[in-house]
1. Limited to segment 67-88, what total is found for residues that are β-branched (Val, Ile, Thr) and surrounded by fewer than 13 Cβ atoms within 10 Å (Cβ to Cβ)?
2. Which one is nearest to Ala157 (Cα to Cα) among residues in segment 25-47 that are surrounded by 19 or more Cβ atoms within 10 Å (Cβ to Cβ) and under 16 Å from the mean Cα position of the chain (by Cα)?
3. Of all residues in segment 48-66, which are open to solvent by less than 50 Å² (accessible area, probe 1.4 Å) and more than 14 Å from the chain's Cα centre (by Cα)?
4. Which of the numbered conditions does Lys79 fail, given that it passes all the others? Conditions: (1) touching an Asp or Glu at 6+ places or on another chain (Cβ under 9 Å); (2) over 14 Å from Tyr2 (Cα atoms); (3) not aliphatic (A, V, I, L, M).
5. Which one of Leu115, Leu139 is open to solvent by 50 Å² or more (accessible area, probe 1.4 Å), over 23 Å from Thr63 (Cβ atoms) and modelled with pLDDT of 95 or more?
6. Testing Tyr106 on (1) at positive phi; (2) under 22 Å from the mean Cα position of the chain (by Cα); (3) not small (Gly, Ala, Ser), one condition comes back false. Which one is that?
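The values are calculated or read from the model by the stated rules, or taken from the named source; none is laboratory data. Owing to the predicted nature of the structure, the values given are computational and were not obtained by experimental measurement. Neighbour counts are summed over all protein chains in view; Cβ atoms, including those assigned to glycine, are modelled from backbone coordinates with ideal geometry. With ligands, DNA and RNA removed, areas are computed over all heavy atoms of the protein, side chains included. Shrake-Rupley method; radii C 1.70, N 1.55, O 1.52, S 1.80 Å.
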Amino acid sequence: IYAAVYGLVSKPFLMISTALELALRQSYYHAVSTNDERGQHKVMSTWVLSALVASVICLGIVTFSADELTRLLLGEKFKSGASLMPWIALGYCLFALSSPLERRAYARKRTGSVLRIQAGGAAASVLAGMVGTYFYGILGAAWAVPVYFGCQLALAACLTRKSSRFVLYSEKDSAHK
């Protein structure tokens, strides 16, 4: 039940993230490569805001239509999975917001930051998943999704902000030499 519900709920959010990345990544990379700080801010703001709006709409649909979606797309045998859907959807909202921040690190050639973001998210996933499942079963596993994607988003926000300052400082410092 969990795997079927997780797979169903995650797909729209993954499609949103992928579509936004395909639409905006090259514009953002171009702005970074030309040191266009205004362009970088504009594209990144558009990317994050678009991910937020699309994900919140999707979260609302999943939350308020969980019973209908489960019955229609998975069948009666999976109706107990409807209670898991909002939690998984909330987690994927957070995931959709972390994706553009990871691309910020890629654009600045800070792949070590990307590794730390992904590793931190994976570690949080294992820990939250184990604890949630042990104490609360299948519902605890669903509760773990926003926990670990929230950790990943927080780590992405922290590391990309820090790496952006470092890279911008280094570029300005090297230009003066």
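1. 0
2. Per the stated criteria, the residue is Met44.
3. Once the filter is applied, which keeps residues that are open to solvent by less than 50 Å² (accessible area, probe 1.4 Å) and more than 14 Å from the chain's Cα centre (by Cα), segment 48-66 yields Gly60, Val62, Ser65, Ala66.
4. Tallying (1) touching an Asp or Glu at 6+ places or on another chain (Cβ under 9 Å); (2) over 14 Å from Tyr2 (Cα atoms); (3) not aliphatic (A, V, I, L, M), Lys79 fails exactly one: (2).
5. Leu115
6. Tyr106 satisfies every listed condition except (1).
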